Structure formats: structure tokens, C-alpha cells
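The values are calculated or read from the model by the stated rules, or taken from the named source; none is laboratory data. A quick note: this is a predicted structure, and the numbers were derived from the prediction, not measured. Cβ placement follows ideal geometry from the backbone for every residue including glycine, while neighbour counts extend to all protein chains displayed. Accessible surface areas use protein heavy atoms only, side chains included; no ligands, DNA or RNA. Shrake-Rupley method; radii C 1.70, N 1.55, O 1.52, S 1.80 Å.
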Amino acid sequence: MSRVQKSYNYFTSSRISSYYDWEKSMEPKTLERHKWLGKTWTDLYFQNQGDDFLRNLSTDEIMKTKWFEKYGIKEPKF
């Protein structure tokens, strides 16, 4: 038996997508910092595949703590 493939809706033209327009809902400095945090976490995550600390960080911890200092990374000025 083959698995039934579920199609996923993309919210590109609906009004739901407007809720996720981060440029409109965040200050530019905050958005830039969040993008940097996401990129930094992603790079470290794939470089350190066995690191349980990175694998268990919550989104809240990523945004509000200075977890990256553990890896010798300093936060740039935004």
C-alpha cells in the first residue's frame, strides 16, 4: 500500500500571511537581530550535530538569552 500524500496549503495570497509580515510588525533592529540569531543557531546546529544543548534550546531561550556566548560568538551591534 502506498501512503496518501497530503498537499499543504501555502498562505501567500490569503489574509493569514499578513500576520507574518515581520518587517511591519517588528522594529528593524529587532528583526535584524532575530535573523542573525536564527542564522547563528542554524550554523552551529549543523556544525555540532551531537550537541544536546543546541538541540534542546527553545525559541524563547534562543531569542532572550545569550546562549551563543558559550560558543565564543559575540553579538554584533544592531
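Numbers for the structure displayed
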| quantity | calculated |
| --- | --- |
| Accessible area (Å², 1.4 Å probe, nearest 10) - F68 | 0 |
| For region 34-78, projected area of the alpha-carbon convex hull averaged over all directions, nm² | 3.0 |
| Length released on extending from E75 to I62, taking residue separation times 0.36 nm less the Cα-Cα span | 3.4 nm |
| Inter-probe distance in nm under a simple model that places probes 7 Å from Cα toward Cβ, at M26 and Q49 | 2.9 |
